[in-house]
1. Residues with beta-carbon under 14 Å from that of Gly321, excluding Gly321: net charge, scoring Lys, Arg +1 and Asp, Glu -1?
2. Which of Lys157/Lys276; Lys129/Lys349; Lys59/Lys157; Lys36/Lys320; Lys73/Lys349 have a Cα-Cα distance over 20 Å?
3. Residue-wise, which Karplus ³J(HN,Hα) couplings in Hz belong to the stretch 252-258, taking 6.51 cos²θ - 1.76 cosθ + 1.60, θ = phi - 60°, and x for glycine or proline?
4. Assuming R0 = 25 Å, can you tell me the calculated FRET efficiency for the pair His194 and Lys264, based on Cβ-Cβ distance, to the nearest 0.05?
5. Rounded to the nearest 20 debye, what is the charge dipole size of the stretch 224-349 about its Cα centre when +1 sits on each Lys and Arg Cβ and -1 on each Asp and Glu Cβ?
6. Per residue of the stretch 307-321, what does 6.51 cos²θ - 1.76 cosθ + 1.60 with θ = phi - 60° give for ³J(HN,Hα)? Whole Hz please, x for Gly and Pro, Karplus curve as stated.
7. For the chain, take the longest principal axis of its alpha carbons; what is the angle in degrees between that and the long axis of helix 337-346, to the nearest 10 within 0 to 90?
8. Between Lys320 and Ser242, what FRET efficiency follows from the Cβ-Cβ distance if R0 is 25 Å, with the result rounded to 0.05?
Amino acid sequence: METNLIEEFTSISAKLMKSYENLNKIEEVTIASTSKTAVYSEDKLTLYLYDRETEASYKTPVLIVYALVNTYKMLDLQPDRSYIKNLLAAGMDVYLIDWGFPTRSDRFLSMDDYINGYINTCVDVIRTKHQIEKINILSICQGGTLSVIYSALYPNKVKNLVTHVTPIDFSTNEGLLFRWSRDMDFDALVDANHGLIPGEFLNQGFDMLKPMMKLQKQQALTSLLDNADKLLNYLRMEKWISESPDQAGECFRQFMKDLYQNNKLVKGELEVGGKKVNLKNLSAPLLNIYATEDHLVPPAATKPLNDLVGSTDKELYSFKGGHIGVFVGSRSQKELAPAVAEWLKKRDK
């Protein structure tokens, strides 16, 4: 008995010492390290083109439109788990919109500004640079919703559309976020925060959707402190979460009221900048990707898109995993990114 206690104490001491050494070696946690060049900027927005060492083998460049919540850096979390590096390796010219960090001066930005303004301008910059009529759009979560709306308003500028874990039908009862949102006073929320919704407020709301997840993460941390690689993986993800930007109040207000509460996009009642959004006008080939275990955007919110658009070439792709695992999981690197690249390659004519 005494021998077992001594061995256990020795093991714990060695683990603590290794944990201390690992933590002491970490000077900075780096994410989104893939080289890129700014090609356009406006207000807080920056349009990047990722650097290539060779000529692209795809004729059509791709524009990545990320959500306004959190940052695009999750797509390039670390060198061996980078969705963006996979797209580059496949042979694409990859552009990305970095929305930046809105401040109080941006509180009146609306969905019109983001869709008819920023996204449309970035698309035109790419079209002009490559001297082409249409580009590919690859979109994520809320960025997918914005891109679907954009593609319905500007079908002559979109060659192919890829959506990932994108909410479209907000009438579902499967996601707790969807049920909560129906009873919230978003006017009061925006006004109380003087037109700028704090990123930390949104993160706390996401934590409440799965309250045990944060505890499980903290417990997991204690078991990986002595493993330098796993510790860095954990810290990279935490750094990405901690960088959540604030939200422009007017855009947030319209998105939550018109979509989450009134489901206007599906009903054909949504107007953006005075333009009625008809999903049947979205005619580009569509690859609609959903995650089977997604608690933020359940499959029931994503899958109906294929029945609503005017596209004749459309495909549903089921990925076994959660909302974030679509991009950072090891299966994503081996399975999803190559599948997306192959789908786009077949339509790169």
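1. Working: positive: Arg81, Lys320, Arg331, Lys334; negative: Glu293, Asp294, Glu335.
For residues surrounding Gly321, the net value is +1.
2. Values: Lys157/Lys276 18 Å; Lys129/Lys349 18 Å; Lys59/Lys157 15 Å; Lys36/Lys320 31 Å; Lys73/Lys349 30 Å.
Check vs 20 Å cut-off fails for Lys36/Lys320; Lys73/Lys349.
3. Karplus-based 3J(HN,Hα) across the stretch 252-258 equals 4, 4, 5, 4, 6, 7, 6 Hz.
4. Values: r = 26 Å, r/R0 = 1.05.
The formula returns an efficiency of 0.40 here.
5. Values: 19 positive and 17 negative charges, 98 e Å.
Charge dipole of the stretch 224-349: 480 debye, to the nearest 20.
6. Residue by residue, the stretch 307-321 yields 8, 9, 7, x, 4, 8, 9, 8, 9, 9, 10, 9, 10, 6, x Hz.
7. 20
8. Numbers: r = 28 Å, r/R0 = 1.13.
Efficiency, from the Cβ-Cβ distance: 0.30.
The values are calculated or read from the model by the stated rules, or taken from the named source; none is laboratory data. Predicted model only: the values in this text are computed from it and were never measured. Positions of Cβ are backbone-derived with ideal geometry, glycine not excepted, and every protein chain shown enters the neighbour counts. In case anyone asks, the SASA skips ligands and DNA or RNA and just uses the protein heavy atoms, side chains included. Shrake-Rupley method; radii C 1.70, N 1.55, O 1.52, S 1.80 Å.
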